[in-house]
Amino acid sequence: MATAETKPIDVPDARYLRSNRLSRIVNVAGIYGIAVLFIVAGAILQSLGVINNFMTTRNFLNIIDAVALLGIVAAGMAFVTYSGHYADLSVPTTMALTGIVTVELLHYGFVPAVLAGLAVGLLIGAVNAVVVGRFRANPIIWTLAMSYVTMGVIRLVWVNRQIYPDVQTDNIRTIALFDGIFRLRLFNVISLPVLLMILMMLAGHFVLTHTVYGAQLKLTGSARRTATFSGVNAERVIGIAFLIAAFAAAVGGLIITSLSRVGAWYNGTGYEFRAVTAVVIGGVTLAGGRGTIIGVIGGAFVIGLMNNIMTLIGIGTFSQDMIRGAIFILVVGINAKSLRSLGRDDA
Amino acid sequence: MNQDSPVAALEMKEVGKRFPGTIAVDAVDFEVYAGEVHALVGENGAGKSTLMKMLAGSFNDYTGEILINGEAVELHTPSMAMKHGVGMIYQELSLANPISIAENIVAGHLPRRGVLVDRAALAAEAKRLMSIVGLDLDPDLPIEEISQHEAQLVEVAKVLGTSPSILVMDEPTSALSRDEVERLFAIIDSLRKRGLAIVYISHHLPEVFRIADRVTVMRDGRRVATRDVASLTREEIVQMMVGRSVKEFYSRAERTIGAVRYRVKDLSRWGFFHHVDLEAHVGEILGVCGLSGAGRSELARVLVGLDAADEGTMELDGKVLNGSGMAYYLARGIAYLTEDRKSEGLALRLSMEDNILSSIVPRLRRGLRYDKRLGRTTVQDLVKGLSIYPTDPTVTMANFSGGNQQKVLLAKWLAGGPRVLILDEPTRGVDIGAKVIIHEAVEKLAGAGNTVILISSDLPELVGLADRVLIMRQGRFVREMSYEQCTEESLLLAANGEESA
Ligand SMILES: Nc1ncnc2c1ncn2[C@@H]1O[C@H](COP(=O)(O)OP(=O)(O)OP(=O)(O)O)[C@@H](O)[C@H]1O
Ligand SMILES: [Mg+2]
């Protein structure tokens, strides 16, 4: 019988030392590489005549705006995933409720309405923070329940009413400001959402890598018990992650409501799954404690491009969902496998 | 031993395994016969665990040849290894936490009735295996609710459930009390009589002499020698392990003991310990001795703010500690090295540097910015001082050998310069040389005017290091001994409640 295969791994020491950092850069750069591949694929499909209007300024602006919305939500969600709590499934209803409350209160003026909307979003986050962080409820089950509760509140208070900014207030300026959340463009190019996304990305990156909180989150996400035994207040750390996710979702809710010009329960539908997919393909592992916000934004780009191309091809929403689901499973599977072969998967 | 049987139950021929940057096992020959207990010894990082993981099917890229009962086999996955009768008890416990004892034990081969799990058969099988290892617990308890030493026995039961013909135990006694060690030895004895080939890894040489027939010594990934245990002395084994002779005796450093630093009055946590009084002084190493279950770790957890006391007071340098949460205590220089390095001590997925710095995160700050470069020299000094290997701070913790993980754990707590350091089994799983290094570090800490509370089951360690030893039994301090009174026998008797005159 054959002996075990000989596979000497001749990696010089120095390279091994740097492999950690290098592989991190490759991982992050890799997701943007994939985004570029999607653009190339779109261009090829267009030149073959399969799709039209892909390589147009208008379409790219569309893509970037969609990516911005998803990127903002995903950047917040990344904190929850990074903390080792998979996902915040209350994101869609947080988005919807923030939008509804803001529109409802527009007659008090733009700023108070927006602040109230964000506050409601944060309130949902605070409940998640306490229940999951402190009472250690299962994050998936709890945030799912939370989203049903929120939906119940929306249905109860607003029945199935959709509420429109121009019905809530006569003040043209307020309406214009609200519409402008999505539509305002600097130099006619960079929209407010894109700007917000860039801000969130930089802030998120800074928090994760250059603050005490970030270091504590990394420890908590990698090994919660060890974090507690190192003097870290894990409950607080996890709670803040849920607050960040809720805040990001609330901002996303303002944008999507401004986009659709209507406050309605269905705003934000599907964003929980899209956001987690962006998060994991962006390199944040479900096991927690690993990944970067810059990678997550790259993940949002890939999802955005993919959605755009699929829509241009004419693939239906359900099929799109299925494809995204398949990709999610694939990425999670590959991730788990590569970690295991490195002998590092203890999750 | 059954050496008249011509073929070895296990024969590894020139096997090797390298990791990027290290050759963990280098052309090792190793054979074990049925009915033999074969000890495998060597320093931390010598390659013992790696050699055995190879056998357990953890690697698909090892080199060399493995024969089981004379037949060449490829052990590239855990299931292949299991199929060939290899059972492995890992150095680091591998029990899944929230599920029950029974499900853990019978995990690989759940009895079924149709498509359903046969609950009754499951419980019966678990009970049977638990009785072999002498565990009397409710099989439906979740693992997270039992103690570490019970979990270790569950692990043994679990492996026995796969009816192995080759059984590997990687430091099985490091979390066990003396009684449990005796029980384990009885189990090993009966398994040997039943003709199993047993590999036994330990840093504790008395155990090797007590239980093993032959011993193989490894050093730097190579085999140094294989001998009959009876033909060797302890010194000879140590000499082979480290390639030089090691001073193993403790030379007590003279310390000046100062005022009371940590005073505890009438402290209780119902159900765990009751009415505990304790005074630990500046410059003192205060030993705490007791059987497992005596409440030592529970006490330690309250002393550092991980759990709240139900009654009593604690004072540091005369000031009452009235805050809650470990951060409060840590900020005042009170630190705790846990006995459970894998799940409470280290984050195995993070780098060595992140682990060492994890106890001082809030201090690594420049303005708003966290900057771990501020801790770089601390890490370098500790790596050097404790001779941690590998020395590269960015290597993932899981890639360190058990003993080196333990050194990193100590480094983590030394990093903050604690004023009161509570050590819970600080030398678990470290080799003889590393033990000396750790002991010197502890003495140095105390010598510099800090306080050390040393909880240990390692009696020579207590006798050698402690200035005073408190004996804990069933949640109470029952006796105090000065170091002149301390001997291994007197401690053991006192811990068991058989007072010597
Ligand atoms: N997954 C891994 N990746 C890289 N290096 C590793 C890995 N596992 C072990 N090593 C290295 O291989 C060497 C041998 O380690 P091993 O765990 O076999 O030692 P050991 O003899 O069991 O030591 P101990 O007594 O401390 O448990 C060490 O230098 C260790 O750092
Ligand atoms: Mg080992």
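Read-outs: derived from the displayed coordinates by stated rules, not from any lab. The structure displayed is predicted, hence computed values, not measured ones. Using ideal geometry, Cβ is built from the backbone for each residue, glycine included, and neighbour counts are taken over all protein chains shown.
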Rounded to the nearest 10 degrees, what's the angle between the helix B:432-447 long axis and the longest principal axis of chain B, both from Cα atoms, 0 to 90?
10 degrees
List the lysines whose Cα sits under 16 Å from the Cα of B:Lys265, skipping any in the same chain fewer than 8 residues away.
B:Lys319
For A:Ser191, distant residues with modelled amide H under 5 Å away
A:Leu186
In the structure shown, of B:Lys127/B:Lys158; A:Lys218/B:Lys407; B:Lys384/B:Lys407; B:Lys83/B:Lys127; A:Lys218/B:Lys372; B:Lys53/B:Lys435, the pairs separated by more than 20 angstrom at the C-alpha atoms are A:Lys218/B:Lys407; B:Lys83/B:Lys127; B:Lys53/B:Lys435
Length-normalised contact order of the range B:10-242, Cα under 8 Å, at least 6 apart, in percent, tallies to 29 percent
Phi-based couplings in Hz for the range B:306-311 (Karplus 6.51, -1.76, 1.60; Gly and Pro marked x):
6, 10, 8, 7, 8, 6
Amide H to amide H, which residues 5 or more places from B:Arg219 or on other chains are under 5 Å from it, using H placed in the peptide plane?
B:Val224
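Of all DSSP beta bridges located in the protein assembly as shown, what percent are antiparallel, nearest 5?
On the way: 49 of 85 bridges.
Restricted to the protein assembly as shown, the bridges split so that about 60 percent are antiparallel.
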What shape does the range A:215-347 have by the C-alpha gyration tensor, where a ≥ b ≥ c are the square roots of the eigenvalues, rounded means a/c under 1.5, and otherwise prolate means a/b greater than b/c and oblate the rest?
oblate
Taking θ = phi - 60°, what integer Hz values does the Karplus form 6.51 cos²θ - 1.76 cosθ + 1.60 yield along the range A:208-223, in sequence order, with x for Gly and Pro?
5, 9, 10, 10, 4, 4, x, 5, 5, 5, 4, 5, 4, x, 7, 7
Please list 3J(HN,Hα) in residue order for the range B:386-403, calculated via the Karplus relation 6.51 cos²θ - 1.76 cosθ + 1.60 where θ = phi - 60°; whole Hz, with x for glycine and proline.
9, 5, 7, 10, x, 8, 6, x, 8, 6, 4, 4, 4, 8, 8, 5, x, x
Please give the net charge around A:Val80, taking every other residue with its beta carbon less than 11 angstrom from that of A:Val80, where Lys and Arg add +1 and Asp and Glu add -1.
-2
For B:Val199, residues with placed amide H under 5 Å, excluding near neighbours
B:His38, B:Leu167, B:Val168, B:Met169
Summed residue charge, Cβ within 11 Å of B:Val408's Cβ, Lys/Arg positive, Asp/Glu negative
+1
Hits among aspartates and glutamates - C-alpha to C-alpha of B:Lys17 under 19 Å, sequence gap 8 or more where chains match
A:Glu5, A:Asp10, A:Asp13, B:Asp26, B:Asp29, B:Glu31, B:Glu43, B:Asp61, B:Glu65, B:Glu74, B:Asp170, B:Asp220
Just to confirm a number: summing +1 for Lys and Arg and -1 for Asp and Glu over residues other than A:Tyr164 whose beta-carbon lies under 15 angstrom from that of A:Tyr164, what do you get?
-2
Degrees separating the helix A:91-104 axis from the principal Cα axis of chain A, which is the longest one:
20 degrees
If you put +1 on each Lys and Arg Cβ and -1 on each Asp and Glu Cβ, how big is the dipole of the protein assembly as shown around its Cα centre, in Debye rounded to 20?
3020 debye
For helix A:110-128, report the angle its Cα long axis makes with the longest principal axis of the Cα atoms of chain A; keep it between 0 and 90° and round to the nearest 10°.
40 degrees
Of the residues A:Phe328, B:His439, B:Phe209, the Cα lying farthest along the dipole of the protein assembly as shown towards its positive end, which is defined by charges on the beta carbon of Lys, Arg, Asp and Glu, belongs to A:Phe328
Rounded, prolate or oblate: which fits chain A when a ≥ b ≥ c are the square roots of the eigenvalues of the alpha-carbon gyration tensor, with rounded for a/c under 1.5 and prolate only if a/b beats b/c?
oblate
